[in-house]
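J.: Here it is, the structure, as structure tokens.
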Amino acid sequence: MLILIAEDDELILRTIEHKLVKEGHEVILTRNGKDAIETIRDSDVDLVITDIMMPFASGIEILSAIQGFEKKIPVLVLSSMGQEEVVVDAFDMGASDFMVKPFSPNELILRIKRLITK
């Protein structure tokens, strides 16, 4: 499974990468929304994990781009902002799941497994 992670916090990015590689997944790392959108457009990723607040393009813009590419890719959104409005916006734009930071890496793996078996 090829998973793209779009996250500008290096510690969170590396933590997720470590857990996913340990689980046997291939990982593409992007540190801003623009790079994430370009990678999603040009690659056959199976799952996207994205932060909401990132440089150059937000997680919401990534969700919008995926819709524009007409790709059916599950997207797990991460955010330190657990505000209802942010969560609703993410789901309205096609997010498959939402986790508030800080989160348990083990819970993240369980949610990913649930998304990829759908």
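J.: Just checking, how many residues over the stretch 98-118 are assigned to a strand (DSSP E or B) and over 22 Å from residue 86 (Cα atoms)?
T.: The qualifying residues number 0.
J.: Within the stretch 44-57, track down each residue that is in contact with a Gly (Cβ under 6 Å, 6 or more places away or on another chain) and not acidic (Asp, Glu).
T.: Result: 50, 52, 54, 56, 57.
J.: If you don't mind, there's one more thing I want to ask. Sort out which residues of the stretch 79-92 are among the aliphatic types (A, V, I, L, M) and either farther than 15 Å from residue 57 by Cβ or in contact with a His (Cβ under 8 Å, 6 or more places away or on another chain) (or both), and write them in order of number. It would help to see each step written out before you state the result.
T.: Pass one, the stretch 79-92, residues among the aliphatic types (A, V, I, L, M): 81, 86-88, 90.
Correct list: 81, 86, 87, 88.
J.: Same structure, new question: Can you tell me which residue among 16, 40 is touching a strand residue (DSSP E or B) at 6+ places or on another chain (Cβ under 7 Å), modelled with pLDDT of 95 or more, under 19 Å from residue 105 (Cα atoms) and part of a helix (DSSP H, G or I)?
T.: 16
J.: Further question on the same structure: Which one of these does residue 11 not meet: (1) part of a helix (DSSP H, G or I); (2) hydrophobic (A, V, I, L, M, F, W, C); (3) under 13 Å from the mean Cα position of the chain (by Cα)?
T.: All conditions are met except number (3).
The values are calculated or read from the model by the stated rules, or taken from the named source; none is laboratory data. The structure displayed is predicted, hence computed values, not measured ones. We place every Cβ from the backbone using ideal geometry, glycine too, and count neighbours over all the protein chains shown.
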